[in-house]
């Protein structure tokens, strides 16, 4: 994750340039779309659990962002602004559907693993998915924002209206707690 975060940090000037260009040329917004569409979709798919619905909410997110873009004041937090729209659109989706879908269970196991390793890996993933699903929504969303949407700590802090160090501590404590629970479940 550190490599991904550092890569994202070095991309910020290019993002700032895109935002500035899009302010004067709406067609440049398409480049921002290309930069973020996969991350927004991944985040929304993880929340919604259904490809067509996540695609719809992704489209709604970018449409709302485009419509509100004239009022956006760039302060180095475009990703936080965009993901706040995505979160709101996801909440709207759930209000309309009135059902939440838990995090999807990962089912990809490398083909070169032996059967015992596959069983062990599958059990660990299933246990981790269960542990994550039992977390409060705010903690699940923190995991989604960091590992699915790949937002920086700074962007998450901006999005959540929290201090960056507090976000880091919350995530690290959450990871430690999940790791401990995973090890505890393995011992029993």
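Just so you know, all these numbers are worked out from the coordinates, no wet-lab data involved. Predicted model, so just to flag it, every value in this text is computed and none were measured. Virtual Cβ from ideal backbone geometry, glycine too; neighbours counted across all protein chains shown.
Our estimate of slack between residue 180 and residue 16, defined as 0.36 nm per intervening residue step minus the Cα-Cα distance, is 55.0 nm.
When each of the peptides 133-144, 78-89 is scored by the mean number of other C-beta atoms lying within 10 Å of its residues, the order from highest to lowest reads 78-89, 133-144.
Packing-wise, with mean Cβ within 10 Å as the measure, how do 61-69, 147-155 rank, highest first? Spell out each step's value before the answer.
Details: 61-69: 16.2, 147-155: 20.6.
Final packing ranking: 147-155, 61-69.
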